[in-house]
Amino acid sequence: MIDPPEVLGDIGITVMDGAYFSTMPYPPQGCYSLSHVRYTPQIRWQSSEYPVSPYEVLERAQRPSYARQMIADSQRYLPCMAQSVERGSIFEAKAIPTASKISDSRPIIFHKGHSDSRVTTVLGGKIDNIYDLFSAIRENLPECAAAHGRLVVGRQAV
């Protein structure tokens, strides 16, 4: 967590070239989050080899903050990040399907409630899932056959 440079105002930025990083407003703490592809992942394990709760693994692990390194690296792409001030860290467990170890893919996961429910949970783990979202909606929810991605910037409607 950081206090961002004033010049960012209340906008978030994601840089997807080189050392991917992201800084976004985080209203619950009145600051910004800062994540970085190289420094954010802290622990890796497979539940099949080490069958305990991910929160137990997280609790037992050493959790050093790499905020200084993330700020320093982000300055290469966004020089104003030098004015950021570290405020602390939040640690969380993130599940990644085993198949993603090979291709780095993050499939969209659909979960439809009971047949009489109108609630559907959609989970996508990567920013580019937005490009697959409408196809997945049409495939999984026949009542949404007209769903389209025309408003997704940077891609033709599917």
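The values are calculated or read from the model by the stated rules, or taken from the named source; none is laboratory data. Predicted model, so just to flag it, every value in this text is computed and none were measured. Neighbour counts are summed over all protein chains in view; Cβ atoms, including those assigned to glycine, are modelled from backbone coordinates with ideal geometry.
So here's what we get for this one:
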item	result
Contacts under 7 angstrom Cβ, first residue in segment 27-42 being assigned by TED's automatic domain parsing to the domain that holds Met81 and buried (at least 17 other Cβ atoms within 10 Å of the Cβ), partner at pLDDT below 95 and among the acidic types (Asp, Glu), 6 or more apart	His36/Asp73
Search result, residues across segment 11-51 that are part of a strand (DSSP E or B) and either over 15 Å from the mean Cα position of the chain (by Cα) or under 16 Å from Glu92 (Cβ atoms) (or both)	Ser22, Met24, Tyr26, Cys31, Ser33, Leu34, Ser35, His36
Boolean, Ser89 is part of a strand (DSSP E or B), surrounded by 13 or more Cβ atoms within 10 Å (Cβ to Cβ) and under 19 Å from the mean Cα position of the chain (by Cα)	no
